[in-house]
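The values are calculated or read from the model by the stated rules, or taken from the named source; none is laboratory data. If you're wondering where the values come from, they're calculated on a predicted model, not measured in any experiment. FYI the Cβ positions are ideal-geometry reconstructions off the backbone, even for glycines, and counts take in every protein chain you see. Ligands, DNA and RNA are excluded from the accessible area calculation, which covers all protein heavy atoms including side chains. Shrake-Rupley method; radii C 1.70, N 1.55, O 1.52, S 1.80 Å.
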Amino acid sequence: MTTELITGIRELTSQADDGPRLRDAALVIEDGRIAWIGPAADAPAADRRTDVGGRAALPGWVDTHTHLVFAGDRAAEFEARMAGRRYEAGGINTTVRATRAATEEQLIGNAARLRREAEAQGTTFLETKTGYGLDLESETRSARAAAAVADVVTYLGAHLVPQGVDRRDYLDLVTGPMLAAVAPYVQYIDAFCEAGAFDVEETREVLLAGRAAGLGLRVHGNQLGFSGGVRLAVELGAASVDHCNHLEAADIDALASSSTVATLLPACDLSTREPFPPARRLLDAGANIALATNCNPGTSYTTSMPYCVATAVLQMGLTIEEAVFAATRGAARAVGREHGPDAVGSLRVGGLADLQVLDAPSVAHFAYRPGVPLTAAVWRRGVRRGLGHRGV
Ligand SMILES: N=CN[C@@H](CCC(=O)O)C(=O)O
Ligand SMILES: [Zn+2]
């Protein structure tokens, strides 16, 4: 197999156990994996050589919370929100109508466009959800579209009870025929546990049905108030509870003593003008946190992990190192991919060659130069992705 040496790395953030950062480093890629990693001065020969000229390198971003399978736009709702109207779950119905009217090819095309946009900013692993179909046919079509674009898929039939449908009938559909129809395409089940969506007992019913079908659990919890979603997620051993804007001390204690990851969504917090989650208190209490874009047309229409990392540092009190970790290896924990041969979010010998190079000497520049497009090059499974225009 052809080998490629990537050298001239002024700062390599590997997120590996034996030291997260290396100076004046190099790595060798072979057959989609890291074959060697260490000081550039000790680098072995390789078939190809790429000198990144003193730039920084780090694992590709792991974005574990997106809603890319949708159609339409809600800029008008966003504009009204920026003029003072509070976000409400009901806005989801606008996207449901547009998504039901779209073909599977259109849904795949839009999601693939957003995945390419994310990749151009350093994302090499991405989760996405159903949740804008909300009837048997549309959710099944959404699950197929999600599986065609994402690395891991989450079933979010319990996003909202669609207009004109009886709650009990809809819960029976979500936990019965709809779950059976999407099961071949998804790995997790999720529910929006919030006022205007589903209460704690309805969420519990949905998650237990998903667990019985062999799916992992995720929860949209405590986004708009003290919804009980965080405590339920910890009680059921969910992989992740996401949003976490409104936490009581007992929620933080529950997360700190569990393996459930608190996935924070800074771009969504800014777009909905919700208070930021108490990220510093979560970290200081020992909770695992992740950062994700929550890319969706209603509350967070961005694919930019750099924007989320910069916001987590500048407005949520995380250090650069904490924020970059939460967007790489920390996020991998939220999808069970921190360890093992297919681990993501870290660079280690034998691991996947998913990495990004910055047009900057250090990862500090993500927050030091916020809003500036710094991604210079991306490799995914050892294959260079088309970003050569940034001069590397
Ligand atoms: N909160 C619920 N669901 C999505 C977006 C919903 C919407 O489209 O408004 C979210 O994570 O923000
Ligand atoms: Zn979401």
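Note on Glu30/Arg113: beta-carbon distance plugged into 1/(1 + (r/R0)^6) with R0 of 25 Å gives a FRET efficiency of 0.20. In the chain, helical runs assigned H by DSSP with n ≥ 4 each contribute -39500 (n - 2.57); averaged across all residues and rounded to the nearest 500, the mean residue ellipticity at 222 nm is -9500 deg cm²/dmol. Extension gain, Phe226 to Arg49: 0.36 nm times the residue separation minus the Cα-Cα distance gives 58.4 nm.
Placing R0 at 45 angstrom, the Cβ-Cβ distance between Gln106 and Ser259 gives a FRET efficiency of 0.75 after rounding to 0.05. So, in nm, how far is label Ala250 from label Ala41 when the simple model puts each one 7 Å beyond its Cα toward the Cβ? According to this spin-label approximation, the distance is 5.8 nm. Here the label points at Asp169 and Arg23, each 7 Å from Cα along the C-beta direction, are separated by 6.9 nm in the simple model. Computed with a 1.4 Å probe over protein heavy atoms only, the accessible area of Thr124 comes to about 0 Å². Available extension along the chain between Arg86 and Asp135 is 14.9 nm, counting 0.36 nm per residue and deducting the alpha carbon span.
Projected onto its three principal axes, the C-alpha set of segment 61-334 covers 45, 37, 37 Å, listed from the longest axis down. For segment 311-388, the normalised intensity computed at q = 0.17, 0.24, 0.27 Å⁻¹ comes to -0.77, -1.20, -1.25 (log10 of I(q)/I(0), Debye sum over alpha carbons, equal scatterers, no solvent).
Spacing of the modelled spin labels on Thr319 and Ala364, each 7 Å from Cα toward Cβ, amounts to 1.2 nm. Applying 1/(1 + (r/R0)^6) with R0 = 41 Å to the Cβ-Cβ distance of Arg97 and Arg281 gives a FRET efficiency near 0.55. Mind pulling the angle between the C-alpha long axis of helix 92-101 and the longest principal axis of the chain? Nearest 10 degrees, somewhere in 0 to 90. In the chain, helix 92-101 runs at an angle near 80 degrees to the longest axis. Evaluated on segment 110-217, the Kirkwood hydrodynamic radius is 14.1 Å, with distances taken between all distinct Cα atoms.
Using heavy atoms of the protein chains and a probe of 1.4 Å, the accessible area assigned to Asp31 is about 110 Å².
Helix 200-212 axis versus longest C-alpha principal axis of the chain: approximately 60°, rounded to the nearest ten. Amide H contacts of Leu291: Leu264, Ala327, Ala331, each under 5 Å away and 5 or more positions distant or on a separate chain (H built 1.01 Å from N in the peptide plane; Pro and chain starts excluded).
In whole angstrom, note down how far apart the Cα centers of segment 184-223 and segment 62-77 are. That distance is 19 Å. Compared with the dominant principal axis of the Cα atoms in the chain, helix 305-316 is inclined by about 80°. The DSSP beta bridges internal to the chain are antiparallel in roughly 45% of cases. Ligands, DNA and RNA are left out, and with a 1.4 angstrom probe the accessible area of the chain is 36 Å² per residue.
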